[in-house]
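Step one of this worksheet: look at the structure below.
The values are calculated or read from the model by the stated rules, or taken from the named source; none is laboratory data. Computed from a predicted structure; not experimentally measured. When we count neighbours, we look across all protein chains shown, and the Cβ atoms used for this are built from the backbone with ideal geometry, even at glycine.
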Amino acid sequence: MFILSFRHRDELTAAAERAGWHPIAARRADNAESRFIASGALVAIVDARGALREGREAVRALADCAETNSAALLVLLSRTDEAALDDLYASGATHFLVSPFTEPQLLQAVQFAGRFAERVGGGRARRRTDEPGTTRQPNSWRWQPGSGTVELSPALARRAGLGEEQGRRISLLDLFRKLDADGRKAARGAVDRLLATGESTGFAHADVSGGGVRLAHRLRVEADGVVGQTEAIAPVSPGGLGTPSRDAMTGLRDARSARAWMDSQLIRGEGDPALVVLLLAVSRFDAINAAFGRETGDAVLQAAGRRIERFVDPDGRRRLVARIAGAEFAILLAAPASLAEARFLAGQLVEAIGRPFMSGDHVVTLGSRVGVVAAEAGDDAMRLLRRASAALAEAKAAEAGPVCVLDADAASDSALGDRLEIDLRRALDQDEIEILFQPQVSIATRRIVGAEALARWRHPQFGELGAITLFNVAERSDYLVQLSDHVQRKAIAAAAAWPASLGDLRLSVNITAADIVRPNFAAQFVEMVDETGFPADRLTVEVTESGLIEDLAKAGNLLAQLRQSGLRMAIDDFGTGYSSLAYLKALPLDYLKIDKRLVEDISGSARDQVVVRSVIDMSRSLGLEVIAEGVETEEQLALLAQEGCTLYQGFLCSPPVDAERLAILVEG
């Protein structure tokens, strides 16, 4: 079984494993065709729930491979997307299942799809073996293990460049030599799998006859040997040659064309850096589709692409714009280009995307985030895009702003991780960890009533790194306790030195799962608060749901001890997957903070609003105040107020700021 799920990979994989399958699973569509072919799977699941656009593109990409492999293509989609079934069928899907569904229903759907694949594949196998010892398919080959010779069909022999004097037979070794290095590796791996298991498998490689075409081979054991059925799949546009492939929706270059262009620039190697990549993600796009329909969503996406293109002014030689996937666009700047230029351009693009779009009778406002990286020695297109994705993920997670620029060395690989682990120890000693404060605002009065302390790492080489990166590095390096203690102490001490104008504000600080299991943490924490001089009755301690779930009993005891000392308690990031009314009732809490992902969705479908309403109603019934995180628009705020939310924090008021700026905001 092959699984491609953009949002639920781990859950689907676990369900498949519980049922006895051994799935090959992926969260990204990169190289999905090759991975599917190599898996030899009879069933490919494309999970388009919450990611219809990406799912539809994945179905189109896998359809030819599924046909070649006699496989079933099962699509999972949300009930709100049922209107897309005709399009998915036309794209190549053979089966579908609409959520919500139970695990048994999912497994039954997979079994039905598997039976379909077995019947289709069996029929084709019988047709191929009507005349044993022959290669009847237009593009096929046959190999008898031990003979060392492969017999090719006439069409495939011509494609392989065999002359009449050679006939249609060639040694397996000579055939492998015609492939490029990646092709040889894939072919040998497929043959080894086939001989070891006897089960069908496959591989893909660049066509030896050129033209940018890739060939997919489906290998099957039959009575008189191994048969390979071959089919041409998705042509690759070579960088700078021929007609570049275009995205059908926007008319911009597509991902394949962008990668080819990037590789050509990197090979040319002019300038340092040779290439700078901006990866821009348009936010709230699923909400637009849900609120106004796919037609409006498509029109807005096209308009966003045109707006990006106007700002970048691509010429195809030094600048290029491409739609990579869904609502993600790549802006590629060849030498001479710099990170400073890219940062400036990224800011312009964020501002441009933030201006309203008109689509029919609808006025649509979007946001965007941008990750920026520069090429380094040894980069290829895929590695550079992976680092750009890491920068984009940081931009999405960070509160400091919508643009994240990572130095060329700042990659999501082990080398960067090792470097940051070493640097973190120095950062704690040299006070490179900065504390900022994000205002918490009363929805009723619009007055700032508190602030959450957030950590930022001012790295001397990589610039500002957000709290997610900071704490992930600390966890890997076993410095989580030291970092948590450092941040808590510095934040509370800074708040103790606030000017008189901030004297009524509450301060919120975070504790981690590691803090909860520390011996005597509650007593040590209260002692530290007393040492700083900050009033305990103005301090709120926030703990994430995941931190509570690690050990509910210890968490309950810890929160009770802290509360007895006058502190208030909040559960952070509520709605991220562990939500439980039972432990909310069992724990001594004062506040519940709604995760920003729920807030982002509230202006989307009616279902999203129902979820938020339920959380707020539940909190009020338990006597908890509700703080909404990540509020960025007046529309979100109005809906939250309508549902009874009392407090919020987010860019609508302010990003995280220093104490001086916080005082200016409070004073009006």
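Assorted remarks:
- Ser78 vs. criteria hydroxyl-bearing (Ser, Thr, Tyr), assigned by TED's automatic domain parsing to the domain that holds Leu106 and modelled with pLDDT under 80: no
- Complete set of residues in the range 634-668 that are part of a helix (DSSP H, G or I) and of a type in the set (A, V, I, L, M): Leu637, Ala638, Leu639, Leu640, Ala641, Ala659, Leu662, Ala663, Ile664, Leu665, Val666
- Residues that are surrounded by fewer than 22 Cβ atoms within 10 Å (Cβ to Cβ) and either modelled with pLDDT under 60 or not assigned by TED's automatic domain parsing to the domain that holds Ala352 (or both) within the range 381-406 comprise Glu399, Ala400, listed in sequence order.
- Residue tally, condition among the aliphatic types (A, V, I, L, M) and within 21 Å of Ala494 (Cα to Cα), over the range 640-660: 2
- Pair list, Cβ < 6 Å and 6+ apart or interchain, from the range 344-357 residues that are part of a helix (DSSP H, G or I) to residues that are among the basic types (Lys, Arg): Ala352/Arg307
- Filtered residues of the range 570-619 (kept if basic (Lys, Arg) and either in contact with a Cys (Cβ under 9 Å, 6 or more places away or on another chain) or modelled with pLDDT under 75 (or both)): Lys585, Arg597, Arg607
- Residue within the range 481-495 that is assigned by TED's automatic domain parsing to the domain that holds Gly533, in contact with a Gly (Cβ under 8 Å, 6 or more places away or on another chain) and of a type in the set (Gly, Ala, Ser) present: no
- Taking the numbered list (1) at pLDDT below 75; (2) in a loop (DSSP other than H, G, I, E, B); (3) over 25 Å from Gly114 (Cα atoms) in turn, Glu199 passes all entries but (3).
- Just one residue in the set Ala117, Ala90, Ala125 is surrounded by 15 or more Cβ atoms within 10 Å (Cβ to Cβ), more than 24 Å from Glu17 (Cα to Cα) and either modelled with pLDDT under 80 or touching an Asp or Glu at 6+ places or on another chain (Cβ under 6 Å) (or both); that residue is Ala125.
- In the range 366-380, of all residues being of a type outside the set (A, V, I, L, M, F, W, C) and modelled with pLDDT of 85 or more, the one that is surrounded by the fewest Cβ atoms within 10 Å (Cβ to Cβ) corresponds to Gly367.
- Selection within the range 324-365: residues that are among the aromatic types (Phe, Trp, Tyr) and surrounded by 14 or more Cβ atoms within 10 Å (Cβ to Cβ). The member of this set that is farthest from Leu280 (Cα to Cα) is Phe357.
- Residue match in the range 288-311 (condition: among the polar types (S, T, N, Q) and surrounded by fewer than 16 Cβ atoms within 10 Å (Cβ to Cβ)): no
- Once the range 251-297 is narrowed to residues that are more than 21 Å from the chain's Cα centre (by Cα) and of a type in the set (Asp, Glu), the residue that is modelled with the lowest pLDDT is Glu270.
- Test: residue in the range 545-557 that is exposed (fewer than 14 other Cβ atoms within 10 Å of the Cβ), small (Gly, Ala, Ser) and at pLDDT below 90: yes
- Given (1) at pLDDT below 80; (2) of a type outside the set (Phe, Trp, Tyr); (3) over 24 Å from Arg218 (Cβ atoms); (4) touching a His at 6+ places or on another chain (Cβ under 9 Å), number of the condition Thr68 does not satisfy: (3)
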